[in-house]
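Peer 1: Dropping a structure here in structure tokens format, bear with me for questions.
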Amino acid sequence: MKTYDETSYIPVLGIHEFRQGQLAGREEFLFNELHGERHIARPHKHDFFIINLFESAKGVHTIDFHDYPIGNKQVHVLFPGQVHTWSIKPNTTGYQLMIQQNFFERFAPFFRFSFSNYMNHPVIQLSNDNFKLVKYEFDAIRDELNAPNSVQEIMSARAAVIAAIVSKEAENIFTDLKVLQSNPRLAQFNMLIDKFYKQEKGVGFYAAKLHISANYLNILCKNHLHVSATKLIQHRVLLEAKRLLQTTDLSIKEIAFELGFVDHAYFSNFFKAQAGITPTQFREG
């Protein structure tokens, strides 16, 4: 049975739907292997956290409407609420940890950076040595799950090691992290956008929250992120619009209302200006 997001009625796949064929698992933690060709045709979300480890693989993993090539010795992280599909080619070998939210919180701090960084850069290339270390921990978690009296603390500790290794490798690709770390106002702006983008789409609101002028906030964004403050807000609105169009049966009018637009036409014009096609064309494409 599918659950539904409270605010937008998005069908969300629960971890219980993946128990069939599992190699090892408990109520809050599953281990599966990814062998051979696999396809996900319809975009969907999960209400749990996933770490995919690809040993030898080719294909494309689409996460929040961005295509990421699947390659050897990669980790792909997927947070609850992110939309994804994939097309994995034959002769692929990979491994999967599916982790309930409450269990994920046990080792989440070992992902050393903001979750938004991992969401923006969900594919992390591993060195040969770090791949071996992560693979060892995956195997150890599988064995612990299969043990007659598996211990949560052991699995949590091993998951923490995986998170720490992944974060060590991720530091090399989180170039925008350094920008945000050196500019706390920009980091706070990003968090405010995530919180208020449905209700507030004007730069002035966020600037007031940050106790700076709209002009100065715009200068900060252009100088450090090479994009306007308005564009950052629009990017977040567009992402949620795409998620709703692909993962729900809500009408265009209902989606417009959900995202805080005054009417259907205003939303359609916004979407076409940002995406280059109409909401209906995106949904049917």
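The values are calculated or read from the model by the stated rules, or taken from the named source; none is laboratory data. All of these numbers come straight from a predicted model, not from anything done at the bench. Cβ atoms come from the backbone with ideal geometry, glycine included; neighbour counts cover every protein chain shown. The protein model used for the area step is the full one, side chains on, heavy atoms only, and it has no ligands, DNA or RNA in it. Shrake-Rupley method; radii C 1.70, N 1.55, O 1.52, S 1.80 Å.
Peer 1: Which values, in whole Å and largest first, are the semi-axes of the equivalent ellipsoid of the chain obtained as the square root of 5 times each eigenvalue of the Cα gyration tensor?
Peer 2: Values: eigenvalues 237, 108, 61 Å².
In descending order, the three semi-axes are 34, 23, 17 Å.
Peer 1: Taking only protein heavy atoms into account and a 1.4 Å probe, give the accessible area per residue of the chain in Å².
Peer 2: Ligands and nucleic acids excluded, the result is 50 Å² per residue.
Peer 1: I want to verify a result. In a Gaussian network model of the chain, Cα cutoff 10 Å, which of these has the top mean-square fluctuation: Gln152, Gln96, Gln125?
Peer 2: Gln152
Peer 1: Here is a further query. For segment 45-141, max minus min Cα coordinate along each principal axis, in Å, sorted largest first?
Peer 2: Dimensions of segment 45-141 along the principal axes of its Cα atoms: 34, 32, 20 Å.
Peer 1: Shape of segment 41-84 from its Cα gyration tensor (a ≥ b ≥ c, root eigenvalues): rounded if a/c is under 1.5, otherwise prolate when a/b > b/c, or oblate?
Peer 2: Oblate, since a/c reaches 1.5 and b/c is not below a/b.
Peer 1: Still on this structure, I have one more. For segment 135-266, what number results from the quotient of the Cα radius of gyration and 2.2 N^0.38 Å? Before the final figure, lay out each step's value.
Peer 2: On the way: Rg = 21.0 Å, N = 132, 2.2 N^0.38 = 14.1 Å.
Output field value: 1.49.
Peer 1: What percentage of the solvent-accessible surface of segment 70-143, computed with a 1.4 Å probe over protein heavy atoms, is contributed by carbon and sulfur atoms?
Peer 2: 49 percent
Peer 1: How much mean residue ellipticity at 222 nm does the chain get from its helices, if each DSSP H run of length 4 or more adds -39500 (n - 2.57) and you divide by all residues, to the nearest 500 deg cm²/dmol? Each step should come with its number before you reach the end.
Peer 2: Details: 12 runs with 135 residues, N = 285.
So the helix-based figure for the chain works out to -14500 deg cm²/dmol.
Peer 1: Which entries in the list Lys45/Lys135; Lys231/Lys272; Lys73/Lys132; Lys58/Lys242; Lys132/Lys168 go over 18 Å, if you measure between the two C-alpha atoms of each?
Peer 2: In this structure, Lys45/Lys135; Lys58/Lys242 lie more than 18 Å apart at Cα.
Peer 1: Here is a follow-up. Alpha carbon centre of segment 85-134 versus segment 265-285: separation in Å?
Peer 2: 32 Å
Peer 1: Same structure again: Test of understanding: given the chain, find the longest segment containing no trypsin sites (Lys or Arg not before Pro) that are in a DSSP loop and have at most 13 other Cβ atoms within 10 Å.
Peer 2: Of all site-free stretches, the longest is 20-285.
Peer 1: Right, another one. Using only the alpha carbons of segment 99-172, determine the length spanned along each of the three principal axes and report them from longest to shortest in whole angstroms.
Peer 2: Its Cα atoms span 39, 29, 14 Å along the three principal axes.
Peer 1: For segment 70-227, take the alpha-carbon Rg, divide it by the Kirkwood Rh, and send me Rg/Rh.
Peer 2: Rg/Rh: 1.05.
Peer 1: Another question, then. In a Gaussian network model over the chain where Cα atoms closer than 10 Å are linked, find which of Ala214, Ala159, Ala147 has the largest mean-square fluctuation.
Peer 2: Top of the fluctuation ranking is Ala147.
Peer 1: While we're looking at this one, here's another question. Put one equal scatterer on each alpha carbon of segment 228-285, apply the Debye formula with no solvent term, and list log10 I(q)/I(0) at q = 0.19 1/Å to two decimals.
Peer 2: The calculated log intensity ratios at q = 0.19 Å⁻¹ are -0.59.
Peer 1: I would also like to ask the following. Under 10 Å, Cα contacts only: if you run a Gaussian network model on the chain, which one of Thr62, Thr92, Thr230 comes out with the highest mean-square fluctuation?
Peer 2: Thr230
Peer 1: Kirkwood Rh, segment 190-253, all Cα pairs: how many Å?
Peer 2: 12.6 Å
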